[in-house]
1. Under 8 Å by Cβ, and 6 or more places apart or on different chains, what pairs join a residue from segment 73-94 that is at positive phi with one that is in a helix (DSSP H, G or I) and at pLDDT 95 or above?
2. Could you check how many residues of segment 1-43 are closer than 19 Å to N71 by Cα and without any contact (Cβ under 8 Å) to a residue 24 or more places away in the chain?
3. Answer yes if at least one residue in segment 7-21 is surrounded by 13 or more Cβ atoms within 10 Å (Cβ to Cβ), in contact with a Lys or Arg (Cβ under 7 Å, 6 or more places away or on another chain) and under 29 Å from W81 (Cβ atoms), and no otherwise.
4. Taking the criterion of being assigned to a helix (DSSP H, G or I), over 19 Å from A9 (Cα atoms) and either acidic (D, E) or at pLDDT 95 or above (or both), would at least one residue in segment 101-114 satisfy it?
5. Do you know which of the residues in segment 24-54 that are open to solvent by 70 Å² or more (accessible area, probe 1.4 Å) and under 23 Å from the mean Cα position of the chain (by Cα) is farthest from L2 (Cα to Cα)?
6. With V61, V57, V82, V127 as the choices, which residue is modelled with pLDDT of 90 or more and exposed (fewer than 10 other Cβ atoms within 10 Å of the Cβ)?
7. Quick check, is I70 surrounded by 12 or more Cβ atoms within 10 Å (Cβ to Cβ), without any contact (Cβ under 8 Å) to a residue 40 or more places away in the chain and not polar (S, T, N, Q)?
Amino acid sequence: MLTPSYFAALADPTRFQIVTMLARRGRLAVAEIGREFSISAPAISQHLKVLKEAQVVLVEVQAQQRIYTINPEGIRDVEQWVNEVKQFWEQRLDALDLLLQEEVTQSNTNSSNNSTSIPRKRGKNHVK
């Protein structure tokens, strides 16, 4: 299930870069991830811990190594959430578009009805 912590985990630039790297390169060991950054190994481990707790990544232990991958379930949850938000706004914008089209049509109808009988301004000396 998608939670705000998922997005909070991605809000940090280093964690975002880690996730991008995992998306492009697939499964990576902590050491491989750490080589790409100029921060300490404990800092990388802390970033990976946050990503794991937010369910952004999965970890698999192989002998002495921890191998990280993107959590496909988390990606599906984000995709579903984005689609729901997109559908909501598409419906709202479609309704607004329809309303504006009706307004334009109504305005055009009123303009064409008034064009044959343009009201004239009457001055003070007008005789009936």
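1. Listed by first residue and then by second, the contacts come to nothing, as the list is empty.
2. Final tally of qualifying residues: 11.
3. yes
4. yes
5. Within segment 24-54, the match that is farthest from L2 (Cα to Cα) is R24.
6. Being modelled with pLDDT of 90 or more and exposed (fewer than 10 other Cβ atoms within 10 Å of the Cβ) holds for just one of V61, V57, V82, V127, which is V61.
7. no
The values are calculated or read from the model by the stated rules, or taken from the named source; none is laboratory data. Here the structure is a predicted model, which means the values were calculated and not measured. Quick reminder, even Gly has a Cβ in these numbers, built from the backbone with ideal geometry, and neighbours come from all protein chains shown. Ligands, DNA and RNA are stripped out before the accessible areas are found, and what is left, the full protein with its side chains, is counted by its heavy atoms. Shrake-Rupley method; radii C 1.70, N 1.55, O 1.52, S 1.80 Å.
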